[in-house]
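Q: Can you keep this structure in mind? I'll have questions shortly.
Derivation of every value follows stated rules applied to the coordinates shown; laboratory data play no part. Every value quoted in this text rests on a predicted model; they were computed, and no experiment measured them. Counting neighbours? That spans all protein chains shown, and the Cβs are built from the backbone with ideal geometry, glycine included.
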Amino acid sequence: MPADAGAARVEGRCDARFAPVREAFAQGFRERGEVGAAVAVTVDGRPVVDLWGGHADAAGTRPFAAHTLVCMMSVAKAVTATCVAMLVDRGRLEWDAPVARYWPEFAQAGKGDIPVRYCLDHRAGLPVVEGPLPAGAPTTR
């Protein structure tokens, strides 16, 4: 159900128990100048919050939609580190094993000995993306 969020429209679903999440999300547009955003929360395998609002561009010409693609930058780092730590704890992954043990294709271009832990702490020496990205790729610009 759409909800008025001041200048930005907030759409989606939100379980009544999570109404403060909806309000905080809408507040980001009203009071903190958010351009466009989405949030989704799952509890015990069930979606309880799925909201989006604002615009997909800084000019405000395209509305942010349920499936708008975004560039997440470093958001995935904490989630990835938690998942890797859980796999290590469960004996499914080893910190010092080469990444190529689990992902053989990673060994290309001299990366065969890079341990898993190096991919989580920036010691792997993997280069940044250089050159033009394909049309439609999310960017920070």
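Q: Measure nothing fancy, just the Cα-based angle from helix 75-89's long axis to the longest principal axis of the chain, in degrees from 0 to 90, nearest 10.
A: On a 0 to 90 degree scale, this one is about 50.
Q: Could you tell me the relative contact order of the chain? Use alpha-carbon pairs under 8 Å, at least six residues apart, and round to a whole percent.
A: Once normalised by length, the contact order is 14 percent.
Q: Candidates [x] 9.0; [y] 11.6; [z] 8.1; which is the computed mean projected area of the Cα convex hull in nm²?
A: Computing mean projected area of the Cα convex hull in nm² and matching it to [x] 9.0; [y] 11.6; [z] 8.1 gives [y].
Q: Could you check the spin-label model distance between Ala59 and Arg90? Points 7 Å from the Cα along Cα→Cβ, value in nm.
A: Output for this residue pair reads 4.6 nm.
Q: Putting +1 on Lys and Arg Cβ atoms and -1 on Asp and Glu Cβ atoms, find which of Pro98, Ala81, Val116 reaches farthest to the positive end of the dipole of the stretch 75-120.
A: Working it through, the farthest residue towards the positive pole turns out to be Ala81.
Q: How much FRET efficiency would the formula 1/(1 + (r/R0)^6) give for Val70 and Arg117, where r is the Cβ-Cβ distance and R0 is 25 Å, rounded to 0.05?
A: 0.30
Q: Turning to a different aspect of this structure: Based on Cβ point charges of +1 for Lys and Arg and -1 for Asp and Glu, what charge dipole magnitude is obtained for the stretch 75-120 about its Cα centre, in debye rounded to the nearest 20?
A: That gives the stretch 75-120 a dipole magnitude of about 120 debye.
Q: Right, something else. HN-Hα J couplings of the stretch 99-106 from phi, Karplus 6.51/-1.76/1.60, θ = phi - 60°, integer Hz, Gly and Pro as x?
A: 3, 4, 4, 9, 9, x, 5, 4
Q: With charges set only on the Cβ (+1 for Lys and Arg, -1 for Asp and Glu), what does the dipole of the chain come to about its Cα centre, in debye to the nearest 20?
A: It comes to approximately 40 debye.
Q: Enter the angle in degrees (range 0 to 90, nearest 10) between the Cα long axis of helix 19-32 and the first principal axis of the Cα atoms of the chain, meaning the one along which they spread out most.
A: 80
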